[in-house]
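J.: Have a look at this one.
Nothing in this text is a laboratory measurement; each read-out follows from the coordinates by a stated rule. All values reported here derive from a predicted model rather than from experimental measurement. Because the Cβ atoms are built from the backbone with ideal geometry, glycine has one as well, and the counts that use them run over all protein chains shown.
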Amino acid sequence: MLNCKTKTQYFHQEKWIYVHKGSTKERHGYCTLGEAFNRLDFSTAILDSRRFNYVVRLLELIAKSQLTSLSGIAQKNFMNILEKVVLKVLEDQQNIRLIRELLQTLYTSLCTLVQRVGKCVLVGNINMWVYRMETILHWQQQLNNIQITRPAFKGLTFTDLPLCLQLNIMQRLSDGRDLVSLGQVGPNLHVLSEDRLLWKRLCLYHFSERQIRKRLILSDKGQLDWKKMYFKLVRCYPRKEQYGDTLQLCKHCHILSWKGTDHPCTANNPESCSVSLSPQDFINLFKF
């Protein structure tokens, strides 16, 4: 579309993408991981708290093994989105550990890939990638320098709540590292964070009974040490992933989009045709 007065060109871009079935030339040529990454509006998604962790996990998976499958434009888009993620975390001081881990994963991958330059594993000039690695180090330093400021609000705090409510809230944490961090705040919270039932819930939530039976650890008192078992299980098996919102694939028309995004579906009941995709499911769609 061309604005006749300003001669400015506007591009109307649908926020969904068609995923071809099977390994075809059409799929190889158009529906690539990079194309999907460019089209699905991840820049806006990171501003939505329901989608933030999903996008971060997707960035991590791409950083680990899929960076070289992205086109030059998609690699640039990847870095732009990553920068927006970092700036958001620096501003709101939330999800700091999550982004530290993402940046470390990306930096480790780039160290390996840059050494193989000349074998067409990265798109662009080597100096550009060295600059990007320096930028990642700078971001890491900024995250390490964050000083969490205590809110000026002087009303009721978490530790003012009855112990039963504190424990009830802690039961809703899905990451054992958060429990450990919370336990370092004070003596009372430390006692609560060591509650065997908390760690048992975490183990049963993330892992199957079969996995748990293979990693039994007894305490000095002869009881199951659920805390030690949890961290041992984490090293051996992937934890359950839970997201407030995900990308969805329409089984009827094979269109990939965020939930709530309109797409040209001809099914009588489009909602019944949609299946949620984990970040790994999304990556797997483009493996051939």
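J.: Test of understanding: in a Gaussian network model of the chain with alpha carbons linked when under 10 Å, which of 48, 195, 262 would top the mean-square fluctuation ranking?
T.: Largest GNM mean-square fluctuation: 195.
J.: What percent do you get for the relative contact order of segment 157-234 when only Cα pairs under 8 Å and 6+ apart count?
T.: 24 percent
J.: Going by amide H atoms built from the backbone, whose H comes under 5 Å of the H on residue 246, apart from near neighbours?
T.: 259
J.: Continuing with the same structure: Determine the principal axes of the Cα atoms in segment 157-234, then give the extent along each, sorted from largest to smallest and rounded to whole angstroms.
T.: Over segment 157-234, Cα extents along the principal axes are 40, 25, 18 Å.
J.: As a test of the definition: which semi-axes, in Å, follow for segment 218-263 when you take the square root of five times each eigenvalue of its alpha carbon gyration tensor? Largest first, please.
T.: Whole-Å semi-axes of the equivalent ellipsoid: 43, 10, 7.
J.: While we're on this one: From the helices alone, meaning DSSP H stretches of at least four residues, give me the mean residue ellipticity at 222 nm for the chain, per-run term -39500 (n - 2.57), in deg cm²/dmol to the nearest 500.
T.: -15000 deg cm²/dmol, from helical runs alone.
J.: Kindly express, to the nearest 10 degrees and within the range 0 to 90, the angle between helix 72-92's C-alpha long axis and the longest C-alpha principal axis of the chain.
T.: It is inclined by approximately 40 degrees.
J.: Turning to a different aspect of this structure: Calculate the radius of gyration of the Cα atoms of segment 146-190 to one decimal place, then report Dmax, the largest Cα-Cα distance, as a whole number, both in Å.
T.: Expressed in Å, the Cα Rg and Dmax of segment 146-190 come to 11.6, 32.
J.: So for the chain, averaging the separation of alpha carbon pairs under 8 Å that are six or more residues apart and normalising by length, what relative contact order in percent results?
T.: After rounding, I find 22 percent.
J.: Between 187, 170, 234, whose Cα lies farthest towards the positive end of the dipole of segment 157-234 when Lys and Arg beta carbons carry +1 and Asp and Glu beta carbons carry -1, centred on the Cα centre?
T.: 234
J.: Distance between the C-alpha centers of segment 145-176 and segment 76-139? Whole Å please.
T.: Segment 145-176 and segment 76-139 have Cα centres separated by 32 Å.
J.: Let's test this: bin the Cα-Cα distances of segment 126-263 at 10 Å from zero up to the farthest pair and state each bin's percent.
T.: Reading the bins upward from 0: 9, 24, 24, 26, 15, 2.
J.: Right, here's the next one. Can you tell me the orientation of helix 96-115 relative to the chain, as the angle in degrees between its alpha-carbon axis and the longest Cα principal axis, to the nearest 10?
T.: Here the helix axis deviates by roughly 50 degrees.
J.: Which value in Å does the Kirkwood hydrodynamic radius of the chain take, with 1/r averaged over all unlike C-alpha pairs and then inverted?
T.: After inverting the mean inverse Cα-Cα distance, the result is 22.2 Å.
J.: Percent relative contact order of segment 31-91, based on C-alpha pairs within less than 8 angstrom and at least six residues apart?
T.: 46 percent
J.: For segment 258-268, take each phi angle, set θ = phi - 60°, evaluate the Karplus expression 6.51 cos²θ - 1.76 cosθ + 1.60, and give the result in whole Hz per residue in order, putting x for glycine and proline.
T.: With coefficients 6.51, -1.76 and 1.60, one gets 6, 4, x, 7, 6, 9, x, 9, 9, 6, 5 Hz.
J.: Calculate, in whole percent, how much of the Cα-Cα pair population of segment 28-143 lies beyond 16 Å.
T.: Summing the P(r) of segment 28-143 above 16 Å gives 58 percent of all pairs.
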